[in-house]
Amino acid sequence: MADETVELLILPVRDVVLFPGVVLPIAVNRPRSTATAQEAVRTRSRIGFLLQRPGAPEDPGPDDLYRVGTVASIARFVTAPDGVHHLICHGEQRFEVSEFLASDPVVKARVVLRSDPDTASAEVEARALYLRDRAVEALQLLPQPPVELLGTIQSIKAPGALADLVISVTDAEAADKQQILETFDLAGRLDRVIGALSKRIEVLRLSRAIGEKTREALDERQREAVLREQLRQIRRELGEEPEGPALEVKELTEAIERAQMPQEAREHALRELRRLERMPESGGEHSMVRTYLDWLVALPWSALDPESLDIESARRALDADHFGLEKVKRRILEFLAVRKLNPEGRGPILCFVGPPGVGKTSLGQSIARAIGLKFVRVSLGGVHDEAEIRGHRRTYLGALPGNIIQALRRAGTRNPVLMLDEVDKLSASIQGDPYSALLEVLDPEQNATFRDNYIGLPFDLSKVLFICTANVLDSVPAPLRDRMELIELTGYTEEEKLEIARRYLVPRQLSANGLPSGRVQLSEEALRRIIADYTRESGVRSLERQIGAVLRSIAVGIASGHEGQAAVGPEDVARILGAPRYAGEIAMRTSVPGVATGLAWTPVGGDILFIESSRVPGSGRLILTGQLGEVMKESAQAAVTLVKGQAERLGVDPAGFDKVDLHIHVPAGAIPKDGPSAGVAIFTSLASLLSGRTVRSDVAMTGEISLRGLVLPVGGIKEKTVAAQRAGIRTVILPARNRRDYDEIPESARQRLQFIWAERIDDVLAAALEGAGARRAAAA
């Protein structure tokens, strides 16, 4: 057949060599290659595949490609979901590039099609016959010989086609395949393919020999295991001293008897021990059963520590460890008293709820110390797998019991104080819902027969004193909240923080920084300065860090020999800690009309927020900024409507609202805000703006409003009043229907704050606006 010159679309490929007569899938994801393939499909034309040279760039040029390739027809063009195009190509004929033609975006070349001769010499036929036999031998060395490929190779008559098919199914390097593709002489091509196939046959023979030796070694180990078992039985009949596996079984038997398990657990452990006895040590399941038995004998099935339920001793321990928290201490003492009078009773599950740093975890430690029990803590923050609570099933590799059983093993007793810390930080996932797993653990009616997936036996948790902690309960499901008695811990007042710092934080930081207590004196005024100007939190963690920073500065001077003794006063605090972080900005912010001070509740305690209002010429629009939630936006809309209804009483022309835009902004725009309790503050801010009277700088307020001008009750009164006291507020306006929460407010806040109980919005304006002549609502 004579050679023919044609123009072809050229598609460069990497690490793939297509041979004539072979069907091959090719992935295309480069822009130029994709355009070339789409053009070939659109025009139904053939396409030429050229292998690019090693080290070629991402977009290869003519010099980066080999000159010999294969012309092919595209049987199918498929685009995958990930955007990669896949071609099913059928190789038809070799070609050699004579010149590349300039074209964009596709690549074209003028090529010479090369065909194999129609007749073959005797030497070529002999080589083809030898190649066919070697190919069949190679396929039969495979673990599962491909029957269809065997039939195809035996049915091919043309020597060139046989050589192309055989080399295409081998795992030769792309460069070697390209060299064979470029060999137009049939005898030379067959010799190259025979050489490559011979190397592959040697590798397959060695692989089969290695596999047979491995099987023989496995058979030998099985024979050795049988003989060892027979030897163990002979030694047992002779009464010889056990050793090796026999000694291991004897030790486990004694450990099972010492563990004093319930009858069901003991029988199950002995059954597992008999299984272990029959297993060869080299078996994969031997170590799994041995680990399981180790867990069974290590659990405190019957170990109980004596409790010291001396109420006075417990009171002294709680007072020594914690300042304040009187209601919390009283409830803990009630709990211990009931436990003393009715030891067999099922007490409640306590849950301490409060902001970070108020002493929830340390309260659990104090309870354990007060009654003489061991304390173990399980951190649940970030747990999203049910197996972390209930354990994994033993069928899984590396399975372990859940955190509850592991904590009891660490405690070594069946009645420790077990603290489940950060119970509100659990989350459900595809691995299950940990909250659902806790339902059985924290139910006194069910946990006497708690069943861990790994242990697979009922374990009595009824003697465990469970204590949970959480910052907020919004994420805790209602069934789980129903199983716990909630004890709320609010933030500390300034006086309580001062006393905590003097009693606990300063001595602890002196010890942590290696400073003798007699060489450093931290004055009360200095502590007050740190509390007021450098911390604003419900707990005392930030306060302890600031005290530590002051003492470290003093430690540098003492360690350098520059100071013998040091007394830290308020003037030294600013020098060491820098400028105050929290300045008294309330008077400055509320010195102009349109700014009111509100009170907010956050997961870490109460806080103050400022409501700022402004008016600009416009068309009566309401503009809300500060990342407000939907409920807070509705409160602002209700406040605007109420202000319009009260316009004449405020001395404002009602017709003027259509000529101005009202803009309400709540600073700290990066923080999301929501809830109805800012309604009173928003209304007061608007009333101040429109009437031109400023809001008193020492007044803060909270409450929901109605369109009838009523002040409705809200939550978080205790946290909000503590935040107001901390910020230097003197008067707090609260809804009259929240008077029932007055007893929950800390005593120090009640003494320092004046409370205005507002029934209607008129009471709020009378108490909040400067120069208001209306009657002030009754103070508490």
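The values are calculated or read from the model by the stated rules, or taken from the named source; none is laboratory data. Bear in mind the structure is a predicted one, so any value in this text is a computation, not a measurement. FYI the Cβ positions are ideal-geometry reconstructions off the backbone, even for glycines, and counts take in every protein chain you see. In case anyone asks, the SASA skips ligands and DNA or RNA and just uses the protein heavy atoms, side chains included. Shrake-Rupley method; radii C 1.70, N 1.55, O 1.52, S 1.80 Å.
The table below gives the values:
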| read-out | value |
| --- | --- |
| Hits in the stretch 37-65 - residues which are within 20 Å of residue 178 (Cβ to Cβ) and in contact (Cβ under 8 Å) with a residue 60 or more places away in the chain | 48, 51, 54 |
| Residue check for residue 266: open to solvent by 70 Å² or more (accessible area, probe 1.4 Å), out of contact with any Asp or Glu (no Cβ under 7 Å at 6 or more places or on another chain) and more than 30 Å from residue 464 (Cα to Cα) | no |
| Residue pairs meeting the criteria (Cβ under 9 Å; at least 6 apart or on separate chains; first within 19 Å of residue 616 (Cα to Cα), in the stretch 648-675; second of a type in the set (A, V, I, L, M) and assigned to a loop (DSSP other than H, G, I, E, B)) | 653/647; 654/647; 656/647; 657/647; 666/678 |
| Which listed residue is of a type outside the set (Lys, Arg), closer than 29 Å to residue 12 by Cα and surrounded by fewer than 16 Cβ atoms within 10 Å (Cβ to Cβ), from 185, 118, 164 | 185 |
| Residue satisfying condition, being at pLDDT 85 or above and either in contact with a Gly (Cβ under 6 Å, 6 or more places away or on another chain) or surrounded by fewer than 16 Cβ atoms within 10 Å (Cβ to Cβ) (or both), within set 343, 355, 401, 416 | 401 |
| Residue among 247, 276 that alone is modelled with pLDDT under 85 and surrounded by 17 or more Cβ atoms within 10 Å (Cβ to Cβ) | 276 |
| Members of the stretch 473-500 found to be in contact with a strand residue (DSSP E or B) (Cβ under 9 Å, 6 or more places away or on another chain) and not aliphatic (A, V, I, L, M), listed by number | 481, 483, 485, 488, 490, 491 |
| Residues within the stretch 305-327 that are of a type in the set (A, V, I, L, M) and farther than 14 Å from residue 339 by Cβ, tallied | 4 |
| Residue count for the stretch 434-468, restricted to those that are over 29 Å from residue 290 (Cα atoms) and open to solvent by 30 Å² or more (accessible area, probe 1.4 Å) | 5 |
| Pair list, Cβ under 6 Å, 6 or more apart: the stretch 519-539 residue under 18 Å from residue 552 (Cα atoms) and open to solvent by 30 Å² or more (accessible area, probe 1.4 Å), other residue modelled with pLDDT under 80 and in a loop (DSSP other than H, G, I, E, B) | 519/565 |
| Pair list, Cβ under 8 Å, 6 or more apart: the stretch 418-436 residue assigned to a loop (DSSP other than H, G, I, E, B), other residue of a type in the set (A, V, I, L, M) | 422/380; 422/470; 426/380; 426/383; 426/438; 427/383; 431/387 |
| Every pair of residues 6+ apart whose Cβ atoms lie under 8 Å, when the first sits in the stretch 339-360 and is within 15 Å of residue 463 (Cβ to Cβ) and among the small types (Gly, Ala, Ser) while the second is open to solvent by 30 Å² or more (accessible area, probe 1.4 Å) and modelled with pLDDT of 75 or more | 345/338; 345/339; 347/338; 347/339; 347/444 |
| Residue in the stretch 457-465 that is in contact with a His (Cβ under 7 Å, 6 or more places away or on another chain) and over 20 Å from residue 364 (Cα atoms) present | yes |
| Strands (runs of 3 or more DSSP E) lying entirely in the stretch 1-113 (those with 3 or more residues that are within 25 Å of residue 184 (Cβ to Cβ), open to solvent by 10 Å² or more (accessible area, probe 1.4 Å) and out of contact with any Cys (no Cβ under 8 Å at 6 or more places or on another chain)) | 4-13, 85-101 |
| Any chance residue 485 is of a type outside the set (Val, Ile, Thr) and touching a Cys at 6+ places or on another chain (Cβ under 7 Å) | yes |
| Single unsatisfied condition, residue 63 versus (1) modelled with pLDDT of 90 or more; (2) more than 51 Å from the chain's Cα centre (by Cα) | (1) |
| Counted residues, the stretch 188-210 - those being among the aliphatic types (A, V, I, L, M), without any contact (Cβ under 8 Å) to a residue 60 or more places away in the chain and open to solvent by less than 80 Å² (accessible area, probe 1.4 Å) | 3 |
| Any chance residue 708 is within 22 Å of residue 647 (Cβ to Cβ) and in contact with a Leu (Cβ under 6 Å, 6 or more places away or on another chain) | no |
| Pairs where the first residue, in the stretch 740-764, is outside any strand (DSSP E or B) and the second is surrounded by 15 or more Cβ atoms within 10 Å (Cβ to Cβ) and among the basic types (Lys, Arg), C-beta under 6 Å, 6+ apart | 744/718; 745/718 |
| Residue in the stretch 358-370 that is on the phi > 0 side of the Ramachandran plot and crowded, with 17+ Cβ neighbours inside 10 Å present | yes |
| Hits in the stretch 666-712 (condition: among the hydroxyl-bearing types (Ser, Thr, Tyr) and either open to solvent by 40 Å² or more (accessible area, probe 1.4 Å) or in a helix (DSSP H, G or I) (or both)) | 684, 685, 688, 691, 697 |
| Residue ID - nearest to the chain's Cα centre (by Cα), chosen from residues in the stretch 336-373 that are among the aliphatic types (A, V, I, L, M) and not in a helix (DSSP H, G or I) | 353 |
| Tally, over the stretch 292-335, of residues that are in contact with a Lys or Arg (Cβ under 8 Å, 6 or more places away or on another chain), open to solvent by less than 50 Å² (accessible area, probe 1.4 Å) and either part of a helix (DSSP H, G or I) or closer than 30 Å to residue 744 by Cα (or both) | 11 |
